[in-house]
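Contents: one structure, followed by commentary.
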Protein chains: 2
Amino acid sequence: MDIKINDYIYNQKDKFLKELFELLKIPSVSAQSTHNDDMHKAATWVCSSLKDIGLETRIFSTPGHPIVYGEKIIDKNAKTILFYGHYDVQPAEPFNLWKKDPFEPYIENHYIYARGASDDKGQVFAVIKALETAMALKTLKFNIKIVIEGEEEVGSINLGDFVKENKELLKADLCIVSDGSLTSIDSPTMCVGTRGLLASEIKVTGPNKDLHSGIYGGAVDNPLQVISNMISMLKDKDQRIQIPHFYDDVIELPDSNRKSLYWNDESKIKQYLEISELINEKGYTPSESMAIRPTLEINGLWGGYTGEGGKTIIPSIAQAKITMRLVHNQNWEEIAKNFKSYITNIAPNTVDVEVIIHDGARAYSLSLDNEYYKAIKEKMKQVYQKEPQPTFTGGSIPVLITFEEILGTSVILMDLGSNIDDIHSPNEKFGVKYFLKGIEWISSVISSKM
Amino acid sequence: MDIKINDYIYNQKDKFLKELFELLKIPSVSAQSTHNDDMHKAATWVCSSLKDIGLETRIFSTPGHPIVYGEKIIDKNAKTILFYGHYDVQPAEPFNLWKKDPFEPYIENHYIYARGASDDKGQVFAVIKALETAMALKTLKFNIKIVIEGEEEVGSINLGDFVKENKELLKADLCIVSDGSLTSIDSPTMCVGTRGLLASEIKVTGPNKDLHSGIYGGAVDNPLQVISNMISMLKDKDQRIQIPHFYDDVIELPDSNRKSLYWNDESKIKQYLEISELINEKGYTPSESMAIRPTLEINGLWGGYTGEGGKTIIPSIAQAKITMRLVHNQNWEEIAKNFKSYITNIAPNTVDVEVIIHDGARAYSLSLDNEYYKAIKEKMKQVYQKEPQPTFTGGSIPVLITFEEILGTSVILMDLGSNIDDIHSPNEKFGVKYFLKGIEWISSVISSKM
């Protein structure tokens, strides 16, 4: 433990939290166009916070939400680290399940509650405060660049083009991303693999209007029945995805990895989520199924009358939002094509079926022999005072691939949150200790040469 | 054609329409509690319109929406007809599919457009104007009673108790209901059978909150996947309903009836609804499937994120509204029991599944030898100038059973609307000619002895 770093952080704690609360109060929901003004407000706020600690800053506009950039060049010969985070958040709906307003942060039992507290405002702000710490203590050993975007929760639509167009500006020896979770502060982990993503939507259109189900029931096919039938054909009873060639490119991990890499106590999951049984792909444990195997989830499904009371109709339209998580070596564009033709094949000719592919990203994985990884892991051990375990996580961070492929640098995840932060859910939270330890860890990394 | 009746109606036409528009402007949506005041407004309006033409009236309050009652006793020895209609309407959602405000009636191409124009405000008001006509012309041959309820669209929850408690008051020789459609004004039909109904809801609860699908996908069962799987098991590929014993009590109609009783041109349905293929239960035509066979429809299905953009979650809850249409001799309570246990049997133990039965009603059928039916059919022939055909309709009018069973009278349907009125759908309409012919037909029936 570095006493100077530790002292600085604990002296500044109240100021750090006060500032973070300001950021959490801005409802920067990138998916909802009603929040466009809030997106600009959040970008401006983040930019100021970088300028305040002494970085050169700039806001890049994009066809979507703006990207904030900052840099501190200490020495042309020093190595350069590029940090990445995002200031946008997931929609907060359903609001009624939140104990308090999702954009009025508060602390309860040592947790900060707010939409974005952990994903990713709390974590990206920990990076900024780590930069502040190292700069205030004059221990900074790297040139620093930082990119904070506003479209992570909608698939980082414009980030790829931005990185391509600014390759020279963003040139770095190492890229660090803080946008995930370690198992717990007492058993630290470093993520060395995330799943890829394929986001799609299905729209089934039957009759040209909602119909009286008494008059037409039996003769006119029901889009809700059709979409349910099709969804039931996406997986079999063994939880195997039925899209042709879906598993063709999946490379099995060696048994040793399967044993060492999974990270959740299954009975704890059941207790925490109040469910009596988990599921699993045949041949894999639930923990493996949720981290190292590809999956398919229905994220939303809707059609017909969903209000109070009843309405005896055959609806005109049924819709579903479907995402898949992909693993190392799967090609999302290939799978998107096979998904489209599978759905088209199983659709009856009584309705029109449209498949929309929104976006995709391949999976990420890091070699355990990477030198930067080994150095950062060593710092983590010192700060968290326990040997960190490498893990795979089931989530997707497509930007890892963007940076790796376009900039040609190693990308390393320094996740600061916890498994039970309820990101994307009501009552999202971030432990105050996690926030402070995170600042300490990042400060330590950038305060010593690698 | 009775010249006097015809003259009176065509002289009063503008007044009749003006009055009907007043009623259509009241948004009396029984299913939505925000409209409770409108329900009282509509009841009061209907009551006044009965009083204005010379009936004794009374409003009965119920635990739900009030029931309007009116009567005109001309002679203790005369036969009594009890009319029935309802002043409540279906929800108007989705509003964006209406060309104009559903509660701002207007006439276009000789059709009155408004929620309730045909179902049932337009029809029950035609009954009232027929009473006015016969009373004004002093040709009324029957004692008249009329019940107009406000809960037909929510399953007539309190009507049964009301009829039971007021058996003496409602005593009649014949009950007439105008709440349906004839095939068209040029090919008149009289409905001699309607299907029964069973209304239910399924709620599937998985984890205690919406989850990040990347973190938990693969290990935690998805309520939307589960509900889709279960819905897909409700019917087989032959459109046969899979609930055990579902068809046990169904009595097949003789072939002669099957040939004479169905009523729709299948190519016209496809053209009207813009669909390329109809469905049918194996062994029955689409027209038979939609009128004389039991069916099951998903009226609404929802869960997860359904807003703009994406949200990568496993939702906590999935819900579906399901109704069945039952035919002659099927017992809805028995089927409700079998449905519940079937759903419970096919539900996986990874989720909680709740089945809620809302209400039910058995089917109605009338003998073609009924004397009243024959007399009313003869009047229809005179007014519409063509031989009416008896038909079965797929809809459900549980009140027919209520009156038949509790009062022990014949119940006859005098449907005034048309197949293409889009009842329960956006842009509901009612032909001005249908409205006026309906008044004429009912006036003729009550102006001559049966």
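Taking each pair of distinct Cα atoms in region A:302-450 once, what is the resulting Kirkwood hydrodynamic radius in Å? Display every interim value, and only then the final one.
Working: mean 1/r = 0.0502 Å⁻¹.
Computed over Cα pairs of region A:302-450, the Kirkwood hydrodynamic radius comes out at 19.9 Å.
Which residue, chosen from B:I335, B:I292, B:I322, occupies the Cα position most advanced towards the positive end of the dipole of region B:268-360, where the dipole is computed from +1 (Lys, Arg) and -1 (Asp, Glu) charges on Cβ about the Cα centre?
B:I292
Which aspartates and glutamates, if any, have their Cα less than 19 Å from the Cα of A:K203, not counting same-chain residues under 8 positions apart?
Output for A:K203: A:D221, A:E297, A:D352, A:E354, A:D359, B:E274, B:E277, B:E297, B:E308.
Taking a label point 7 Å from Cα toward Cβ, how far is A:E252 from its twins in the other copies, in nm, shortest first?
5.5
What residue among B:P105, B:P63, B:P398 shows peak mean-square fluctuation when chain B is described by a Gaussian network model with Cα springs under 10 Å?
Maximum fluctuation in the GNM of chain B, among the listed residues, is at B:P63.
Quick one: which of A:402-412, A:436-446, B:91-101 comes out on top by average Cβ neighbours within 10 Å, and what's the full order, highest first? Let's see the in-between values first.
Numbers: A:402-412: 18.8, A:436-446: 24.9, B:91-101: 14.5.
Top of the packing list down: A:436-446, A:402-412, B:91-101.
Give the relative contact order (percent, whole number) for chain A; include only Cα pairs under 8 Å separated by 6+ residues. Kindly include the intermediate steps, with their values, before the conclusion.
Details: 907 pairs, mean separation 118.4, N = 450.
It comes to 26 percent, rounded to a whole number.
Strictly greater than 21 Å: what percent of every Cα pair in region A:119-199 meets that? Show your work: numbers first, answer last.
Values: 1465 of 3240 pairs.
Tail of P(r) above 21 Å: 45 percent of Cα pairs.
Quote the convex hull volume per residue of region B:334-374, based on C-alpha atoms, as a whole number of Å³. Write down the numbers at each step before the final one.
Details: hull volume 3.5 nm³, N = 41.
Hull volume normalised by residue count: 86 Å³.
Percent of alpha carbon pairs in the protein assembly as shown separated by more than 53 Å?
On the way: 124448 of 404550 pairs.
Counting pairs separated by more than 53 Å, the tail of P(r) holds 31 percent.
Where the centre of each part is set by its Cα atoms, how far does region B:379-419 sit from region B:302-345, in angstrom?
Using only Cα atoms to place each centre, the spacing works out to 31 Å.
Reachable aspartates and glutamates from B:K167, Cα under 18 Å, same-chain residues fewer than 8 places away excluded?
B:E56, B:E71, B:E149, B:E404, B:E405
Reachable lysines from B:K268, Cα under 19 Å, same-chain residues fewer than 8 places away excluded?
B:K268 reaches A:K209, B:K259, B:K429.
Copy-to-copy spacing for A:E371, label 7 Å out on the Cα-to-C-beta vector, in nm, shortest first?
Here A:E371 shows inter-copy label distances of 10.8 nm.
Quick check on the protein assembly as shown: of the DSSP beta bridges with both residues there, what percent are antiparallel, nearest 5%? Display every interim value, and only then the final one.
Values: 103 of 149 bridges.
So the antiparallel bridges in the protein assembly as shown amount to around 70 percent.
At a Förster radius of 41 Å, what calculated FRET efficiency corresponds to the Cβ-Cβ distance of A:S367 and A:I53, to the nearest 0.05?
Efficiency at R0 = 41 Å is approximately 0.80.
Using the Cα centre of region A:152-279 as origin and beta-carbon charges of +1 (Lys, Arg) and -1 (Asp, Glu), tell me which of A:A172, A:S156, A:P223 is placed farthest towards the positive end of the dipole.
A:P223
Roughly how many debye, to the nearest 20, is the charge dipole of the protein assembly as shown about its Cα centre, given +1 on each Lys and Arg Cβ, -1 on each Asp and Glu Cβ, and no other charges? Can you show the working numbers first?
Working: 98 positive and 124 negative charges, 87 e Å.
Using Cβ point charges on Lys, Arg, Asp and Glu, the protein assembly as shown gives about 420 debye.
In deg cm²/dmol and to the nearest 500, what is the mean residue ellipticity at 222 nm of chain B if only DSSP H runs of at least 4 residues count, each as -39500 (n - 2.57), divided by the residue total?
Working: 14 runs with 153 residues, N = 450.
Result for chain B: -10500 deg cm²/dmol, rounded to the nearest 500.
Once you've got the GNM for chain B with C-alpha springs shorter than 10 Å, pick whichever of B:V68, B:V177, B:V351 has the biggest mean-square fluctuation.
Judging by the Gaussian network model, the answer is B:V351.
Relative to the longest principal Cα axis of chain A, at what angle does helix A:223-232 sit, 0 to 90 degrees, rounded to 10?
It works out to around 60 degrees.
Compute the long axis of helix B:398-407 from its Cα atoms, compare it with the longest principal axis of the Cα atoms of chain B, and write down the angle in degrees, 0 to 90, nearest 10.
The angle comes out at about 60 degrees.
Could you tell me the ratio Rg/Rh of chain B? Both radii from Cα atoms, Rh via Kirkwood. Walk me through the numbers before you get to the answer.
Working: Rg = 23.2 Å, Rh = 23.4 Å.
Result for chain B is an Rg/Rh of 0.99.
How far, in nm, would the chain grow between A:K433 and A:E165 when pulled straight, counting 0.36 nm per residue and subtracting the alpha carbon separation? Please list the in-between numbers first.
Numbers: separation 268, 0.36 × 268 = 96.48 nm, distance 3.83 nm.
Length gained between A:K433 and A:E165: 92.7 nm.
For region B:258-371, what is the charge dipole size about the Cα centre, in debye to the nearest 20, if Lys and Arg each add +1 at the Cβ and Asp and Glu each add -1 at the Cβ? Could the numbers behind the result be given before it?
Details: 12 positive and 15 negative charges, 40 e Å.
The calculated dipole for region B:258-371 is roughly 200 debye.
Roughly what would the spin-label model give for B:D75 and B:K99, points 7 Å off Cα along C-beta, in nm?
Modelled inter-label distance: 4.8 nm.
Which one of A:T350, B:M233, A:S49 has its Cα pushed farthest toward the positive end of the charge dipole of the protein assembly as shown, where Lys and Arg give +1 and Asp and Glu give -1 at the Cβ?
A:S49
Compute, for B:C47, the solvent-accessible surface of its heavy atoms (probe 1.4 Å) with the complete set of protein chains present, and express it in square angstrom to the nearest 10.
Here the residue's solvent-accessible area equals roughly 20 Å².
Hey, if we sort B:R195, B:R362 by accessible area with the 1.4 Å probe, largest down, what's the order?
On the way: B:R195 5, B:R362 85 Å².
Output order, biggest surface exposure first: B:R362, B:R195.
Output the peptides B:140-150, B:295-305 sorted from most to least packed, where packing is the average of other Cβ atoms within 10 Å over each peptide's residues.
Numbers: B:140-150: 23.6, B:295-305: 25.3.
Ranking, from highest mean packing down: B:295-305, B:140-150.
Could you rank the peptides B:156-166, A:107-117, A:309-319, A:31-41 by their average count of other C-beta atoms within 10 Å per residue, with the highest value first? Can you show the working numbers first?
Numbers: B:156-166: 18.3, A:107-117: 21.1, A:309-319: 24.3, A:31-41: 16.2.
Ranked by mean Cβ neighbours within 10 Å, highest first: A:309-319, A:107-117, B:156-166, A:31-41.
The values are calculated or read from the model by the stated rules, or taken from the named source; none is laboratory data. Since the model is a prediction, treat every value here as computed from it, not as a measurement. Note that each Cβ is placed from the backbone with ideal geometry, even for glycine, and that neighbours are counted across all protein chains shown. Only protein heavy atoms, including side chains, enter the accessible area calculation; ligands, DNA and RNA are left aside. Shrake-Rupley method; radii C 1.70, N 1.55, O 1.52, S 1.80 Å.
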